[in-house]
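> The structure follows.
The values are calculated or read from the model by the stated rules, or taken from the named source; none is laboratory data. Here the structure is a predicted model, which is why all the values come from computation and not from measurement. Cβ atoms come from the backbone with ideal geometry, glycine included; neighbour counts cover every protein chain shown. Heavy atoms of the whole protein, side chains included, go into the accessibility calculation; ligands, DNA and RNA do not. Shrake-Rupley method; radii C 1.70, N 1.55, O 1.52, S 1.80 Å.
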Amino acid sequence: MTSLEELENQCLPISKLKKYATEWVIKVLVIRRSLTKEYKNANGEGIRWQLILVDKEGTKIQTTLFNKDVHAWNKSFQLNQSYYIINGKLNGAKPNFLSVHKDLELAFMNNTDVVEDKSQFKTEQFSNGFISFDEAEKITNGSLFDVVCILLTVKALTGEGRSIRREVIVTNERYDRKVMTLWGDFAQIEGQMLQSLESDKPVLAFCDVKSSIYQGINLHT
């Protein structure tokens with residue numbers, strides 16, 4: 001069995017991964033576990049589940065698992081835990097769907113292996129990509145960006161089905177207030193977590209945010 005030291009030496013940053021490559025090792029932190037959702041389309045029906053992962057450079061990649069793969073891997077990944085992922089397939093990001101990586105999406109294969117890493121995951125380089133509110137307001141082409149802010153207020157869930165949402169009021173060091181709108185299961189999972197932190201008024205880092213004229217800053221699923 002390959003040792004953790006050998007896996008560490010074999011690791012590639014996500015930025016070095018190539019489309020359709022199947023043999024590689026990455027070390028990632030789980031930063032999001034979606035809800036398990038039912039789907040039905042022209043190709044069939046079943047359940048799907050999504051993970052968002054990040055490496056020590058702050059580069060993110062996602063994987064969407066379906067049906068039997070959901071059951072096979074759901075208990076293998078815990079939030080805020082780091083893992084070595086050995087082998088898989090790197091597909092192109094689907095143009096009609098939001099993706100945390102502009103080019104790639106990870107798919108698990110029969111030879112994919114996952115090894116938990118209990119050492120401290122280094123995040124010193126994460127701050128390199130965050131921008132200010134002023135910079136965010138200049139982004140109007142639908143591009144995704146990362147922003148740091150201070151939590152003020154978390155509102156109740158509104159809407160239902162695919163329109164479920166939750167508004168979060170945030171500010172910066174100059175007390176410029178913005179509305180952060182969480183949609184879908186972001187409103188349920190992350191929204192509930194933020195609600196439990198509301199009284200502490202913590203500093204937050206939001207990743208893959210999209211600016212909107214309608215309500216300031218929106219976070220989309």
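> When the Cα atoms of the stretch 45-106 are enclosed in a convex hull and the volume is divided per residue, what value in Å³ results? Please list the in-between numbers first.
Details: hull volume 6.6 nm³, N = 62.
Measuring per residue, one finds 107 Å³ for the Cα hull of the stretch 45-106.
> Once the cut-off is 20 Å, how many percent of the Cα-Cα pairs in the stretch 1-83 end up in the long-distance tail?
44 percent
> Still on this structure, please answer the following. Could you give the longest part of the chain that holds none of the GluC sites (Glu not before Pro) found in DSSP loops with at most 12 neighbouring Cβ atoms within 10 Å? Could you put the intermediate results ahead of the total?
Numbers: sites that count: 23, 160, 173.
The longest such stretch corresponds to 24-159.
> I need the P(r) histogram for the stretch 96-191: all alpha carbon pairs, bin width 5 Å from 0 out to the longest distance, whole percents.
Histogramming the stretch 96-191 at 5 Å steps yields 2, 9, 13, 15, 20, 18, 11, 8, 3, 1, 0 percent.
> I'd like the FRET efficiency for residue 74 and residue 137, computed as 1/(1 + (r/R0)^6) with the beta carbon distance as r and R0 of 35 Å, rounded to 0.05.
On the way: r = 39 Å, r/R0 = 1.11.
FRET efficiency, residue 74 to residue 137: 0.35.
> So what are the radius of gyration and Dmax for the Cα set of the chain, in Å?
Here Rg and the maximum Cα pair distance are 18.1, 54 Å.
> Please arrange 165, 32 by accessible surface area, largest first, computed with a 1.4 Å probe and ligands excluded. Walk me through the intermediate numbers first.
Working: 165 80, 32 10 Å².
Descending accessible area places them as 165, 32.
> About its Cα centre, what dipole magnitude does the stretch 23-120 give when the only charges are +1 on Lys and Arg Cβ and -1 on Asp and Glu Cβ, stated in debye to the nearest 20? Walk me through the numbers before you get to the answer.
Details: 14 positive and 11 negative charges, 61 e Å.
About 300 debye.
> Figure the gain on full extension for residue 96 and residue 41 (residue separation times 0.36 nm, minus the Cα-Cα span) and round it to one decimal in nm. Don't jump to the answer; show the numbers that get you there.
Numbers: separation 55, 0.36 × 55 = 19.80 nm, distance 1.50 nm.
Extending this stretch completely gives an extra 18.3 nm.
> Another question, if that's okay. If you count, for each residue, the other Cβ atoms within 10 Å and average over each peptide, how do 87-95, 62-70 line up from highest to lowest? Mind dumping the intermediate values first?
On the way: 87-95: 14.3, 62-70: 17.2.
Result, highest mean first: 62-70, 87-95.
> Quick one: if you stick a label point 7 Å off each Cα along the C-beta vector at residue 157 and residue 103, how many nm between them?
Taking the two extended label points, one gets 3.9 nm.
> Below 8 Å between Cα atoms, with a sequence gap of 6+, how large is the relative contact order for the chain in percent? Please list the in-between numbers first.
Numbers: 437 pairs, mean separation 34.2, N = 221.
That works out to 15 percent.
> When a/c reaches 1.5 or more, the comparison of a/b and b/c decides; with that in mind, is the stretch 94-133 rounded, prolate or oblate per its Cα gyration tensor? Numbers along the way, then the final one.
Working: a/c = 4.26, a/b = 1.12, b/c = 3.82.
Here the stretch 94-133 falls in the oblate category.
> What does the charge dipole of the chain about its Cα centre add up to, to the nearest 20 debye, if the Cβ of each Lys and Arg holds +1 and the Cβ of each Asp and Glu holds -1? Write down the numbers at each step before the final one.
Values: 28 positive and 28 negative charges, 120 e Å.
I would put it at about 580 debye.
> Which whole-Hz couplings ³J(HN,Hα) result when phi for each residue of the stretch 129-137 is put into the Karplus expression 6.51 cos²θ - 1.76 cosθ + 1.60, θ = phi - 60°, listed in order with x for Gly and Pro?
x, 7, 10, 8, 4, 4, 5, 5, 5
> Once you treat every alpha carbon in the stretch 150-207 as an equal point and sum by Debye, what is log10 I(q)/I(0) at q = 0.28 Å⁻¹?
For the requested q values the scattering log ratios are -1.17.
> List every residue whose amide H lies under 5 Å from the amide H of residue 112, counting only residues 5 or more places away in sequence or on a different chain, with H placed 1.01 Å from N in the peptide plane.
Here nothing satisfies the definition.
> Which chymotrypsin sites (Phe, Trp or Tyr not before Pro) does the stretch 77-133 hold that lie in a coil by DSSP with at most 13 other beta carbons within 10 Å? Before the final figure, lay out the partial values.
Details: sites: 77, 83, 84, 97, 108, 121, 126, 130, 133; in loops: 77, 97, 108, 121.
For chymotrypsin sites (Phe, Trp or Tyr not before Pro) across the stretch 77-133 that sit outside H, G, I, E and B with at most 13 neighbouring Cβ atoms in 10 Å, the list reads 97.
> Near residue 68, which lysines are there with a Cα under 16 Å away, not counting those fewer than 8 places off in the same chain?
Answer for residue 68, where 16 Å is the Cα cut-off: 37, 40, listed by chain and number.
> Please compute the modelled spin-label separation between residue 48 and residue 122, points set 7 Å along Cα→Cβ, answer in nm with one decimal.
A separation of 3.6 nm, rounded to one decimal place.
> Another question about this same structure. From the phi angles alone, apply the Karplus equation (6.51, -1.76, 1.60; θ = phi - 60°) to the stretch 187-203 and give each ³J(HN,Hα) in whole Hz, x where the residue is Gly or Pro.
So the J values, rounded to whole Hz, are 5, 7, 6, 5, x, 5, 4, 5, 4, 6, 9, 3, 5, 7, 6, x, 7.
> Hey, any idea what % of the stretch 10-74's accessible area is carbon plus sulfur with a 1.4 Å probe?
Numbers: 1700 of 3590 Å².
C and S fraction of accessible area: 47 percent.
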